[in-house]
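Here the structure comes first, spelled out in structure tokens, and everything after it is commentary.
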Amino acid sequence: MEENSNWFKLKVKYLVQTEDSIKKKTSEYVLKAVSFTDAEASLLQQLKDEFEYNLVSCSKFNIQDVRKDDAKEDYFKVKIVYVSTSEDGKESKVIDNYLIQGDTVEDITKSIKQLLSGSLMDYTVENIQRTKIQEVFYNVDE
């Protein structure tokens, strides 16, 4: 995947057959792509054998990285604020967002500690939020 690629979040709607009816379902997916068009084409390639869907939205997704754990079900968006102090004593904040797969907030907290174990900067976990993301796709063009 090219260096200038971004993360995109795509929302799709589709029909699901249940025992007694047909229901509409909405799912969200995240993938890396170089453009909106590339993101849409990549998702189409990824889901072509799964089901027919209508694309509802495609937007850039402000995250720095994804930590997957296929043994876990849910994805959580985590906001981390780093505080650094310059030589002249001025504090500056850097905000990073991560998407981490886990089942509980405790799983996510453990993953964050592992992720940031070598960090030299002070950081605060400002927010951990469960998402509706079904799957994250890497290297969908390979």
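The values are calculated or read from the model by the stated rules, or taken from the named source; none is laboratory data. It should be emphasised that the depicted structure is a prediction, and the values quoted were computed from it without experimental measurement. All Cβ positions, even for glycine, are placed from backbone atoms using ideal geometry, and neighbour counts span all protein chains on display. Only protein heavy atoms, including side chains, enter the accessible area calculation; ligands, DNA and RNA are left aside. Shrake-Rupley method; radii C 1.70, N 1.55, O 1.52, S 1.80 Å.
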- prompt: Out of all the residues in the stretch 54-72, which are touching a residue at least 12 places away in the same chain (Cβ under 8 Å) and open to solvent by 50 Å² or more (accessible area, probe 1.4 Å)?
  reply: ASN54, LEU55, VAL56, LYS60, ASN62, GLN64, ASP65, ARG67, LYS68, ASP69, ASP70, LYS72
task: Tally the residues that are in a strand (DSSP E or B), of a type in the set (Phe, Trp, Tyr) and open to solvent by 40 Å² or more (accessible area, probe 1.4 Å), restricting the search to the stretch 8-42.
output: 0
task: Restricting attention to the stretch 89-142, report how many residues are farther than 30 Å from VAL12 by Cβ and among the hydroxyl-bearing types (Ser, Thr, Tyr).
output: 6
field: Tally of residues being free of Cβ contacts under 8 Å to residues at least 60 places away in the same chain and in a helix (DSSP H, G or I) across the stretch 43-53
entry: 2
task: Could you grab me the full set of residues in the stretch 80-124 that are in contact (Cβ under 8 Å) with a residue 40 or more places away in the chain and open to solvent by less than 60 Å² (accessible area, probe 1.4 Å)?
output: ILE80, VAL81, TYR82, VAL83, LEU99, SER111, LEU115
- prompt: Any residue in the stretch 107-129 that is of a type outside the set (A, V, I, L, M, F, W, C), closer than 30 Å to GLN17 by Cβ and not in a loop (DSSP other than H, G, I, E, B)?
  reply: no
message: Could you check the stretch 115-136 and list, in sequence order, the residues that are at pLDDT 90 or above and not β-branched (Val, Ile, Thr)?
response: GLU126, ASN127, GLN129, ARG130, LYS132, GLN134, GLU135
- request: Kindly establish whether TYR75 is among the hydroxyl-bearing types (Ser, Thr, Tyr), in contact with an Asp or Glu (Cβ under 6 Å, 6 or more places away or on another chain) and surrounded by 15 or more Cβ atoms within 10 Å (Cβ to Cβ).
  value: no
